[in-house]
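Down below is the structure, laid out as structure tokens.
Where a number appears in this text, it was derived from the coordinates with a stated rule and is not lab data. Model, not experiment: these values are computed from the prediction. A quick note on method: Cβ atoms are made from the backbone with ideal geometry, for glycine too, and the neighbour counts reach across all protein chains shown.
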Amino acid sequence: MSEPKKMIGAYLPGDSSVAFKEYAIPELKHGEVLLRTKASTICGSDIRCIYNEHLGKGPEAYQQEMVAGHEPAGQVVACGPGIREFKAGDRVVIYHISGCGVCNDCRRGYQISCTSEEYRKAYGWQRHGGMAPYIVAEEKDLVHLPDSLTYADGAQVACGFGTVYEGLEKIGISGNDAVLITGLGPVGLAAAMLCRCLGAKNIIGIEAMPERIEIARELPLRKGDASIKLFDSVLAAGPDNEAEVRALTGGHGVERAVECSAHHEARLTAIQATRKWGKIVLIGEGGTLSADFAPSRDMIHDQKTLYGSWVTNLWRMDELLERLARWEVHPEDLITHRFGLEDAAKAYELMASGKCGKVAVCFDEELEA
Ligand SMILES: NC(=O)c1ccc[n+]([C@@H]2O[C@H](COP(=O)([O-])OP(=O)(O)OC[C@H]3O[C@@H](n4cnc5c(N)ncnc54)[C@H](O)[C@@H]3O)[C@@H](O)[C@H]2O)c1
Ligand SMILES: [Zn+2]
Ligand SMILES: [Zn+2]
């Protein structure tokens, strides 16, 4: 089968708009595969760093007119020379940063932290991403998508779910834990879904936008089964949040907190509403911590531990996909809106408004779903 030589892809000029242009589909080099894109979901970081303005520096700097989209899943349609594991027809997710493969961080699977200025390139930032019908990817960046998961499930593992899973593994979540999640965008919703699967029983969310509070209150763990909700309680963001969380936890606070808003006050709430010996992970990016943070009062004297967590590694992404299949949960259940590529402008505008759950740009069978 001969593949097209050109395609129309979407890029982000940085003024809250989406633009389209024609891109050449190059000959595959050693170690490269061509994917037919099936689902490409939008992350909060796309809005923060690229869509509204080109904010990023260093590893977050967006290169002009790169095809956007760093959460892609698709099907292998052609293989370049030297491909070892994947073949045409395989269903795959792309780890969204291609690294040099040989620095210490790449060897740990954390291509996100690759130290090579020349070879570290994120899909949708410094090399072409998922907002086009085809993607040229490196074989070493691919992870197999289990049969029982959809491409829309897989796309979210490329960044959002992978990131959350990494953060939860750092702090450890089990049936022992009450968990607070601050910021209920797609990342916070993913945190709730995975905390449920890991056994947490008292999951409390805090969110600022009324539309998202509503979505978080309604969402079940599995579509069609209203008996298990994602959250036990969802609170509106406000000055009494710490007291409210304590009231929901017998006065103690939560064992674990997952901060997904990046808001300085929510970060402080996550720390203060965590009980003695508890653990907190910061996932939301940018901004600062409230000036009211008092380390001795808020952390040191209560023996708390604070983690930062950036994306995940390749093997953990593979492991998460296997577990999602075993738990029989679907990240796609968090998608509230799907668009064709020609409507990508509507998709980004909706995600930027926040009046949604996860937003996806889809192709072929995923658009019909
Ligand atoms: N650490 C990482 O590796 C990593 C990876 C992916 C995304 N991120 C970051 O994670 C964050 C969440 O991603 P997302 O896609 O869900 O983004 P998002 O912007 O859609 O979600 C953030 C949510 O926080 C809410 N919020 C704002 N102020 C609040 C407050 N005071 N209290 C409670 N909620 C508040 C917003 O209303 C919004 O719903 C973003 O900052 C994103 O850049 C980090
Ligand atoms: Zn992301
Ligand atoms: Zn590297």
**Report entry** Rounded Å value of the spacing that divides the Cα centres of region 210-239 and region 121-170
**Finding:** 26
Query - Rounded tilt (10° steps) of 186-197 against the dominant C-alpha axis of the chain - result: 70
Requested in this report: Would you please name the GluC sites (Glu not before Pro) within region 318-351 that are DSSP coil residues with at most 12 other C-beta atoms within 10 Å of their C-beta?
Outcome: GLU328
Report task. Amide H neighbours of ILE203 under 5 Å, at least 5 residues apart or on other chains, H built in the peptide plane: list them. Result -> VAL179, ASP232, SER233
Requested in this report: Would you work out which of GLY129, LEU230, ALA360 lies farthest towards the positive end of the dipole of the chain? Charges go on Cβ: Lys and Arg +1, Asp and Glu -1.
Outcome: LEU230
Query - In degrees, nearest ten, helix 344-353 long axis to first principal axis of the chain (Cα) - result: 10
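Out of the GluC sites (Glu not before Pro) in region 33-102, which ones are loop residues according to DSSP with at most 15 other C-beta atoms within 10 Å?
Details: sites: GLU53, GLU60, GLU65, GLU85; in loops: GLU53, GLU65, GLU85.
Of the GluC sites (Glu not before Pro), the ones in loops of region 33-102 whose Cβ has at most 15 other Cβ atoms within 10 Å are GLU53, GLU65, GLU85.
To the nearest 0.05, what FRET efficiency results for SER227 and ASN176 with a Förster distance of 22 Å applied to their C-beta separation? Write down the numbers at each step before the final one.
On the way: r = 23 Å, r/R0 = 1.02.
Efficiency, from the Cβ-Cβ distance: 0.45.
Give me SER116, SER261, SER40 sorted ascending by neighbouring Cβ count inside 10 Å, so fewest comes first. It would help to have the intermediate numbers written out before the result.
Values: SER116 15, SER261 25, SER40 34.
Sorted ascending by nearby Cβ count, the order is SER116, SER261, SER40.
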Query raised in the report: Going 7 Å from the Cα of THR305 toward and past its Cβ, which residues in region 250-287 have a backbone nitrogen under 13 Å from where you end up?
Result: 256-257, 277-281
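Looking at region 150-234, which trypsin sites (Lys or Arg not before Pro) are DSSP coil and have at most 15 other C-beta atoms within 10 Å of their C-beta? Kindly include the intermediate steps, with their values, before the conclusion.
Values: sites: LYS170, ARG196, LYS201, ARG212, ARG217, ARG222, LYS223, LYS229; in loops: LYS201, LYS223.
In loop regions of region 150-234 (DSSP not H, G, I, E or B), the sparsely surrounded trypsin sites (Lys or Arg not before Pro) are LYS201, LYS223.
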Report summary line: Between the Cα axis of helix 314-327 and the main Cα principal axis of the chain, the angle (0 to 90°, nearest 10) is 70
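State, as an integer percentage, the relative contact order of the chain based on alpha-carbon contacts under 8 Å between residues 6 or more apart.
Working: 903 pairs, mean separation 67.0, N = 369.
It comes to 18 percent, rounded to a whole number.
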